[in-house]
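Participant: Would you mind keeping the following structure in view while I ask a few things?
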Amino acid sequence: MVGDHIHQLLVKREKADTLINIAVLGTGWFGSGLIQELFRYRGMEPRVVFTQDAEKATDILADNGVSRSNIRAVRTPAELRRGLDKGQYLVSEVSELIAELKGIDAVFDTTGNILFGAQAALDTLQNGRHFITISAELDCAVGPELAAIAAENKVIYSVCDGDQPGCLARVIHEAKSFGMEIIVAGNCKGFLDVHKTPEDIMPWVRPGQNPKMITAFTDGTKQAMELATVANAFGLKPDKRGMHGPKTSKSSLVQDFLKIITQKGVVDYTLGIDGVDQGGGIFVIGKREGDRISEDMAYLKKGEGPYYLFFRDHHLCYFEAPRSISDVVLLGVPTMAPIGRSADVFAVAKRDLKAGERLDGIGGYTVYGLIDAAETVRAQNLFPVGLAEQAVVNTDIPQDVPLTWKMIDLAEDNVVLQLMRQGKQPPAKENLKV
């Protein structure tokens, strides 16, 4: 739910006919849901939709009340400008037009495609427009570099609310606003098998969902990349390679983690929480000492302290995502963005790989991702999983062996690789405060 003060600002924009105009990238499950919600939020609307299927995008807009006579498919900069000037809703299969957008307040990437998202982010940020993404994959791969480019162009790069990283960011800020030191920040997972493949998970794939994306959830790669984005936004680290992932209960979660972690300020996860039938939960363990704090928090049913649990048993994806548009456009702050790189996710062989074999990327048959401290990944020359779809192995690699850069041949004309080589770091500053 949008805060009352934000709602008032959005109502003012609507009454003044100065709507926040959004370009949405992608029409999959999340993208189509976001478009639906933008028509239900006050003060904002999806003016342009970039898609691989213009007919599908037109149907989505029409299903949400837009007259088909006011929807136009565009392929050239001139058509794009005319359509925007006329107040039409536009759809396009030409991604190069992202760099031509004028009169758009922010571009919202829902695709999860790292290469596409990186190029779209560059085209948007260097054009002086804000860029918001659902893609933890993109942020893990080159988020720090994109945040630095955004700062150079005096615009905002942000990971969005609704998925676990953005929701977790809000819980972290809430705990910090209570004076808590962050000990552990993490999410809840019901099942993990690093060797699962798209074929294995087909019975659980819903219509419209990408099997590789569901596999990335199941084999732990997606979670590793999500928690790397959280780590990079708040200066946290994994306590060990791959994290701990204990099975626990809500009442014992704090003590179970205190028994196993070796440092404070870590990201981790639970592998099943007894008594909580939610696979999409998030949690923060905070610490604050003091006699009155201890007494009053116990009275408020938060435990004896000095360690306290802040728990949310859901994340609502595209229903919550428009909040990030308000953060960026109205408040001028990201919901969550990197302040550096303290964690990274590298590729590991999911099965025995043969020299000359092309990797099939995140959620495929060839590799899974593991999180580790960024300095360890650099020191051991480990290959980032975000580049796995563009790589060919040049040697035999046994199952469960980490991939290094020396084991890989990679095309040079790769925007993600170019950004990684730049190694830009964002200015260190706090993320959104709530």
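The values are calculated or read from the model by the stated rules, or taken from the named source; none is laboratory data. Everything quoted here is computed from the prediction, not taken from an experiment. Please note: Cβ atoms are built from the backbone with ideal geometry, for glycine as well, and neighbour counts cover all protein chains shown. Protein only, heavy atoms only, side chains kept; ligands, DNA and RNA dropped before computing areas. Shrake-Rupley method; radii C 1.70, N 1.55, O 1.52, S 1.80 Å.
Participant: Is it the case that Met420 is closer than 25 Å to Leu122 by Cα, in contact with a strand residue (DSSP E or B) (Cβ under 7 Å, 6 or more places away or on another chain), among the aliphatic types (A, V, I, L, M) and open to solvent by less than 60 Å² (accessible area, probe 1.4 Å)?
Facilitator: For Met420, the condition - closer than 25 Å to Leu122 by Cα, in contact with a strand residue (DSSP E or B) (Cβ under 7 Å, 6 or more places away or on another chain), among the aliphatic types (A, V, I, L, M) and open to solvent by less than 60 Å² (accessible area, probe 1.4 Å) - is not met.
Participant: Quick check on Lys259: is it among the charged types (D, E, K, R), open to solvent by 60 Å² or more (accessible area, probe 1.4 Å), assigned to a loop (DSSP other than H, G, I, E, B) and more than 25 Å from Gly33 (Cβ to Cβ)?
Facilitator: no
Participant: Still on this structure, I have one more. Among (1) in contact with a Lys or Arg (Cβ under 9 Å, 6 or more places away or on another chain); (2) crowded, with 16+ Cβ neighbours inside 10 Å; (3) not in a helix (DSSP H, G or I), there is one condition Lys264 misses while meeting the rest; what is its number?
Facilitator: (2)
Participant: Would you point out the residue of the range 1-25, among those that are over 24 Å from His314 (Cα atoms) and small (Gly, Ala, Ser), that is modelled with the highest pLDDT?
Facilitator: For the range 1-25, the residue satisfying everything is Ala23.
Participant: Scan the range 241-276 for residues that are under 29 Å from Val348 (Cβ atoms), basic (Lys, Arg) and in contact (Cβ under 8 Å) with a residue 24 or more places away in the chain and jot them down.
Facilitator: Arg241, Lys247, Lys264
Table: residues versus (1) within 27 Å of Pro144 (Cβ to Cβ); (2) crowded, with 17+ Cβ neighbours inside 10 Å.
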position: Val205; (1), (2): no, no
position: Gln209; (1), (2): no, no
position: Lys222; (1), (2): yes, yes
position: Met225; (1), (2): yes, yes
position: Thr229; (1), (2): yes, yes
position: Asn232; (1), (2): yes, yes
position: Gly235; (1), (2): yes, no
position: Asp239; (1), (2): yes, yes
position: Thr248; (1), (2): no, yes
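Participant: Only one of (1) open to solvent by 10 Å² or more (accessible area, probe 1.4 Å); (2) outside any loop (DSSP other than H, G, I, E, B); (3) in contact with a strand residue (DSSP E or B) (Cβ under 6 Å, 6 or more places away or on another chain) fails for Val194. Which number is that?
Facilitator: (2)
Participant: Next question. Just give me the residues in the range 144-172 being hydrophobic (A, V, I, L, M, F, W, C), in a helix (DSSP H, G or I) and within 9 Å of Met336 (Cα to Cα), in sequence order.
Facilitator: Ala169
Participant: Does Ile182 qualify as being hydrophobic (A, V, I, L, M, F, W, C), in contact with a strand residue (DSSP E or B) (Cβ under 8 Å, 6 or more places away or on another chain), over 14 Å from Ser135 (Cα atoms) and not in a loop (DSSP other than H, G, I, E, B)?
Facilitator: It is true that Ile182 is hydrophobic (A, V, I, L, M, F, W, C), in contact with a strand residue (DSSP E or B) (Cβ under 8 Å, 6 or more places away or on another chain), over 14 Å from Ser135 (Cα atoms) and not in a loop (DSSP other than H, G, I, E, B).
Participant: Farther than 22 Å from Val159 by Cα, open to solvent by less than 20 Å² (accessible area, probe 1.4 Å) and not small (Gly, Ala, Ser): is that true of Leu90 in this structure? Before the answer, list the steps.
Facilitator: On the way: farther than 22 Å from Val159 by Cα: yes; open to solvent by less than 20 Å² (accessible area, probe 1.4 Å): yes; not small (Gly, Ala, Ser): yes.
Against the criterion (farther than 22 Å from Val159 by Cα, open to solvent by less than 20 Å² (accessible area, probe 1.4 Å) and not small (Gly, Ala, Ser)), Leu90 qualifies.
Participant: Output the residues belonging to the range 33-57 that are of a type in the set (Ser, Thr, Tyr) and touching a residue at least 60 places away in the same chain (Cβ under 8 Å).
Facilitator: Tyr41
Participant: Val333 is checked against (1) part of a loop (DSSP other than H, G, I, E, B); (2) crowded, with 21+ Cβ neighbours inside 10 Å; (3) of a type in the set (A, V, I, L, M, F, W, C) and fails just one. What number does that condition carry?
Facilitator: (2) is the only condition that Val333 fails.
Participant: Could you list all residues from the range 304-329 that are at pLDDT 95 or above, aliphatic (A, V, I, L, M) and open to solvent by 20 Å² or more (accessible area, probe 1.4 Å)?
Facilitator: Once the filter is applied, which keeps residues that are at pLDDT 95 or above, aliphatic (A, V, I, L, M) and open to solvent by 20 Å² or more (accessible area, probe 1.4 Å), the range 304-329 yields Leu309, Val329.
Participant: Here's something else I'd like to know. Run down Gly186, Gly166, Gly179 and say which single residue is small (Gly, Ala, Ser) and at positive phi.
Facilitator: Just a single option satisfies the conditions, and that option is Gly179.
Participant: Go through (1) on the phi < 0 side of the Ramachandran plot; (2) in a loop (DSSP other than H, G, I, E, B); (3) without any contact (Cβ under 8 Å) to a residue 40 or more places away in the chain for Gly87 and report which single condition fails.
Facilitator: (1)
Participant: Which of the residues belonging to the range 197-217 are part of a helix (DSSP H, G or I) and more than 18 Å from Leu370 (Cα to Cα)? Walk me through it before giving the result.
Facilitator: So the first thing to find is which residues in the range 197-217 are part of a helix (DSSP H, G or I), and the list is 198-204, 211-217.
Correct list: Pro198, Glu199, Asp200, Ile201, Met202, Pro203, Trp204, Pro211.
Participant: If you don't mind, there's one more thing I want to ask. Exactly one condition in (1) of a type in the set (Asp, Glu); (2) touching a Pro at 6+ places or on another chain (Cβ under 7 Å); (3) not in a helix (DSSP H, G or I) is not met by Asp327; state its number.
Facilitator: (3)
Participant: Would you confirm whether any residue within the range 392-411 is in a helix (DSSP H, G or I), in contact with a strand residue (DSSP E or B) (Cβ under 9 Å, 6 or more places away or on another chain), surrounded by 15 or more Cβ atoms within 10 Å (Cβ to Cβ) and at pLDDT below 95?
Facilitator: no
Participant: Within the range 126-143, is there a residue that is assigned to a helix (DSSP H, G or I) and more than 25 Å from Gly235 (Cα to Cα)?
Facilitator: Within the range 126-143, not a single residue is assigned to a helix (DSSP H, G or I) and more than 25 Å from Gly235 (Cα to Cα).
Participant: For residues in the range 313-324 being out of contact with any Leu (no Cβ under 8 Å at 6 or more places or on another chain) and not in a helix (DSSP H, G or I), which is farthest from Ile6 (Cα to Cα)?
Facilitator: Across the range 313-324, the extreme among qualifying residues is Asp313.
Participant: Enumerate the pairs (first residue in the range 195-214 and within 22 Å of Gly31 (Cα to Cα); second residue anywhere and open to solvent by 100 Å² or more (accessible area, probe 1.4 Å)) with beta-carbon separation below 7 Å, excluding pairs fewer than 6 apart on the same chain, so at least 6 apart or on different chains.
Facilitator: From the range 195-214, the pairs are Gly208/Trp29; Gln209/Trp29; Ile214/Trp204.
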